[in-house]
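> Structure below; questions to follow.
Values in this text are rule-based calculations from the coordinates and carry no lab data. Since we're looking at a predicted model, the values are computed, not measured. Every residue, glycine among them, receives a Cβ derived from its backbone with ideal geometry; neighbour counts consider all protein chains shown.
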Amino acid sequence: MPTTAKHLCCPPTLKLYFQARIERLASSFPYPIKCESRRKKIQRFLILPRLSLPLLWFPLIKKIIDSQFKKGDSLMITVDRTQWKTNNILMVSVIWKKRALPIYWLLLSKKGSSNFYEQVAVIRSVLRLLKEYKLVVIGDREERSTAFALWLTKKKIDFILRLNKNTLIKPRYQKYQSLNSLKSQPGARVLYSKVLVTEENKKDRFNLGVYWRRKYNNKQLPDPWYLLTNLENKQKVIKIFASRSGREAMFRDCKSGGDNLEGSQANTQRLTNLILLIAFAYTASCLAGLKIRNTGLTEYINRLKIESQN
């Protein structure tokens, strides 16, 4: 749930029943017909051509972003892949007030990491949509990060892409070595300038930020962050990348902790449009929660705990 104030708003059915499953929606759909007929109506609704991300969602999310940011502001754009049971989804979101608002998503027809072409496919439309803003693209350990970084460089877009610890790099005047061979201590922040990344790329150099967070709540991250970037300020690089935690909260809200998309068995088209409905409900709840928080009433609101539903 986006905020503790969420339940004060008048949420859509998705948020009211917390289950983004066709069967669950059908049982909750207030229509005086048989349950099987309601299910079929919802299935037909989810394949309507009008449920188009560029035609329906883009104008709305653009208006919301314009209302929350000023033209020319720096926006943190995350490109993340999440595995929701059998559904492998690549999603682009904008970081907003410790949350992430979904902008565009792509269902991958495979398991595992996305490739360069899928990353470009999911980000290209977003770059056009938000061309009036200064964007920083944040990514997390996907395949072909170097190729994606080169593509963003040509588009004159700032980026911070996390690398796997076994990635090979070559600092100036040194031999190739894996990232996990770099010496790092918890709390240390280092920025290596002009390094080659992977043996296949022997021409283009990038900056590399390394940061290992200190132990927090008796928990220590197993590995440092290895951040491929074209930014120069190490403090800024680490701060921006840390802001991506908003997308983790979004995924948590839209998985079993909120809309329970993990239980959905819809096909690709229906699932894409089901995510669209979740995006509507989730974004509306975020905005409603912000409005209520600004009234100073959040102290009187309790976050409900939803029991697991089968």
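> Take the Cα atoms of the stretch 97-188, build their convex hull, and give its volume per residue in Å³.
Numbers: hull volume 15.2 nm³, N = 92.
Roughly 165 Å³ of hull volume per residue.
> Please state, to two decimals, what the Cα-based radius of gyration of the stretch 6-294 comes to when divided by 2.2 N^0.38 Å (N = residues).
Values: Rg = 20.7 Å, N = 289, 2.2 N^0.38 = 18.9 Å.
Expressed relative to 2.2 N^0.38 Å, the Cα Rg reads 1.09.
> Over all Cα pairs of the stretch 24-103, how is the pair count split among 10 Å bins, expressed in % and running from 0 up to the last occupied bin?
P(r) over the stretch 24-103, rounded to whole percents: 14, 29, 32, 19, 5, 0.
> Which whole-Hz couplings ³J(HN,Hα) result when phi for each residue of the stretch 232-239 is put into the Karplus expression 6.51 cos²θ - 1.76 cosθ + 1.60, θ = phi - 60°, listed in order with x for Gly and Pro?
9, 9, 5, 5, 5, 4, 5, 5
> Can you list residues whose amide H is under 5 Å from residue 114's amide H, if they're 5+ apart or on another chain and H is modeled 1.01 Å from N?
When sequence neighbours closer than 5 places are left aside, the close amide H contacts are 143.
> For the pair residue 109 and residue 232, how long in nm is the line joining their label points, each one 7 Å along Cα→Cβ?
Rounded to a tenth, the inter-label distance reads 4.5 nm.
> Could you pull out the pairs from 111/219; 63/234; 71/291 whose alpha carbons sit more than 24 Å apart here? Mind dumping the intermediate values first?
Numbers: 111/219 30 Å; 63/234 33 Å; 71/291 22 Å.
Those over the limit are 111/219; 63/234.
> Between residue 135 and residues 5 or more places away or on another chain, which pairs have amide H atoms under 5 Å apart, with H built 1.01 Å from N, and which residues are they?
75, 158
> Explain nothing, just compute: Karplus ³J(HN,Hα) = 6.51 cos²θ - 1.76 cosθ + 1.60, θ = phi - 60°, for every residue of the stretch 70-87 in order, whole Hz, x for Gly and Pro.
With coefficients 6.51, -1.76 and 1.60, one gets 8, 4, x, 5, 8, 10, 8, 10, 9, 10, 9, 10, 9, 9, 9, 6, 8, 9 Hz.
> Taking H as built 1.01 Å from N, whose amide H comes closer than 5 Å to the amide H of residue 212, not counting residues under 5 places away?
The list, which skips near neighbours in sequence, is 187, 188, 225.
> Next question, about the same structure. How many nm is it between the label spots at residue 44 and residue 97, if each spot is 7 Å from the Cα in line with the beta carbon?
Between residue 44 and residue 97, the label points sit 3.9 nm apart.
> Next up: Between residue 27 and residue 173, what is the FRET efficiency for a Förster distance of 45 Å, r being their Cβ-Cβ separation, to the nearest 0.05?
Calculated transfer efficiency: 0.10.
> For the stretch 107-199, give me the percentage of DSSP beta bridges that are antiparallel, rounded to the nearest 5 percent. Numbers along the way, then the final one.
Numbers: 4 of 9 bridges.
Of the beta bridges lying entirely in the stretch 107-199, close to 45 percent run antiparallel.
> List, in order, the whole-Hz ³J(HN,Hα) value for each residue of the stretch 122-135 obtained from phi through the Karplus relation with A = 6.51, B = -1.76, C = 1.60 and θ = phi - 60°; use x for Gly and Pro.
7, 9, 4, 5, 5, 4, 5, 5, 10, 5, 7, 10, 8, 9
> How many Lys pairs in the stretch 135-179 lie less than 25 angstrom apart by Cα atoms, where the lysines are 8 or more positions apart or on different chains? Can you show the working numbers first?
On the way: 154/170; 155/170; 156/170; 165/175.
Counting lysine pairs in the stretch 135-179 gives 4.
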